[in-house]
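The values are calculated or read from the model by the stated rules, or taken from the named source; none is laboratory data. As the structure is a computational prediction, the values presented were derived from the model and not from experiment. Cβ placement follows ideal geometry from the backbone for every residue including glycine, while neighbour counts extend to all protein chains displayed. The protein model used for the area step is the full one, side chains on, heavy atoms only, and it has no ligands, DNA or RNA in it. Shrake-Rupley method; radii C 1.70, N 1.55, O 1.52, S 1.80 Å.
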Amino acid sequence: MEQTLSIIKPDAVERNLVENIKNIFIKNNLNIKESKKIHISKEEASEFYKVHQSKSFYNDLCAYLSSGPIVVMILEGDNAIAANRKLMGATNPKDAEENTIRKLYGISIDKNSVHGSDSIDNAKKEIEFFFKD
Ligand code: CDP
Ligand code: MG
């Protein structure tokens, strides 16, 4: 069993897509072990996304993730990290495969509805970041 961190980003929470997205995880054998709706500060978003601090989009990305409520979840299942990345689809919704979350719901490369950890190491760090207690 592997765990990964998933975030439903502000654009999807705002459009009431939380249940639709959770159902995609459940139907695809990813158990939602923990889930909470939170609104983080720009400082917290900057800490969370610090791997991207050298990127041109970093400031906008952090402003965006802190712009409204998000839902953070621990997903658990076989190969949960890769399985979640596959369900999410490509970063840019325009390039995402049919029936992926980003193809179905993403608006643009920045408002792409979901985040998912990309490695075992980052999954551990990201879960710790939001669920340390
Ligand atoms: O989220 P993912 O792992 O697919 O992509 P990333 O390369 O780790 O980038 C993190 C997030 O930055 C993306 O999900 C986008 O929301 C945002 N991003 C952006 O706004 N503009 C880009 N050119 C690339 C990424
Ligand atoms: Mg990433």
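Within the accessible area of the chain, the carbon and sulfur atoms contribute 47%, probe 1.4 Å, all protein chains present.
How large is the accessible surface per residue of the chain, computed with a 1.4 Å probe and reported in Å² as a whole number?
Working: 7500 Å² over 133 residues.
Solvent-accessible surface per residue comes out at 56 Å².
Among the trypsin sites (Lys or Arg not before Pro) found in segment 39-125, those both in a DSSP coil and sparsely packed, with 14 or fewer other Cβ atoms within 10 Å of their Cβ, are K55.
Once a ≥ b ≥ c are taken as the square roots of the eigenvalues of the Cα gyration tensor of the chain, is the result rounded (a/c under 1.5), prolate (a/b larger than b/c) or oblate (a/b not larger than b/c)?
Details: a/c = 1.39, a/b = 1.12, b/c = 1.24.
It is rounded, given that a/c, with a ≥ b ≥ c, falls under 1.5.
Past 18 Å, Cα to Cα: identify those pairs from K9/K37; K50/K124; K94/K125; K50/K103; K86/K132, in the order given. Those over the limit are K94/K125; K50/K103; K86/K132. In this simple spin-label approximation, S119 and K36 carry label points 7 Å from Cα along the Cα→Cβ vector, and these lie 2.7 nm apart.
Checking the a/c ratio against 1.5 first, then a/b against b/c, what shape does the Cα gyration tensor give for segment 63-133? Oblate, since a/c reaches 1.5 and b/c is not below a/b. When exposed loop sites are taken as GluC sites (Glu not before Pro) in a DSSP loop with at most 13 other Cβ atoms within 10 Å, the longest stretch of the chain clear of them is 1-96.
The chymotrypsin sites (Phe, Trp or Tyr not before Pro) of segment 1-68 meeting both criteria, a DSSP state outside H, G, I, E and B (loop) and at most 15 other C-beta atoms within 10 angstrom of the site's C-beta, are F57. Centroid-to-centroid, using Cα positions, segment 33-63 and segment 66-115 are 15 Å apart.
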